[in-house]
């Protein structure tokens, strides 16, 4: 193997290793597939996250992927949070998925559109511990069709 080829191979391996290190800001970033792309009221998506440092701020994001067959320009969800000293509390959020002209606002790949939308920024958890999140759809349709997966991302704020 030539010196140039060895150097290129080494650079490629180093670049791949650096890319595989992951996102150091993310405390968690999980998605759950919705069976048959039909999200029913009773199908709550749940996550637990361990918070080790309540002294730093976090950004909490709602993840969703929909197909081009999704009928609406928005999505309403209820996100419930509990754990630590928090009593279970649910908040209804509206997330815009398309512009008034009908153009999808998410990142598209084929007929799938991905969104990662903040619902709490610079948020401080009240104490160290495990927190529980439940996400449920709150639209008129039951089931809500063309929803591929739903998730939650919690990252350290900058």
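Derivation of every value follows stated rules applied to the coordinates shown; laboratory data play no part. Remember, it's a predicted structure, so these values are computed and weren't measured experimentally. Reconstructed Cβ throughout: ideal geometry from the backbone, glycine too, with neighbour counts over all protein chains shown.
With 10 Å bins from zero, work out the P(r) of region 57-117 over every alpha carbon pair and list the percent per bin.
Spelled out bin by bin, region 57-117 gives 19, 45, 23, 12, 1 percent.
With an 8 Å cut-off on Cα pairs and a minimum separation of 6 or more residues, tell me the relative contact order of the chain in percent.
Once divided by the residue count of the chain, the mean separation gives 43 percent.
Determine the gain in length on full extension of the stretch residue 25-residue 53; use 0.36 nm per residue of separation and subtract their C-alpha separation, reporting nm with one decimal.
Gain in length upon complete extension: 8.7 nm.
Just how many % of Cα pairs in the chain lie over 29 Å apart, if you round to the nearest whole percent?
In whole percent, the share of Cα-Cα pairs in the chain beyond 29 Å is 31.
Can you show me the helix-derived [θ] at 222 nm for the chain, built from DSSP H runs with n ≥ 4 at -39,500 (n - 2.57) apiece and divided by the number of residues, rounded to the nearest 500.
Computed mean residue ellipticity for the chain: -3500 deg cm²/dmol.
With r as the distance between the Cβ atoms of residue 78 and residue 36 and R0 = 30 Å, compute the FRET efficiency 1/(1 + (r/R0)^6) and round to 0.05.
Efficiency, from the Cβ-Cβ distance: 0.85.
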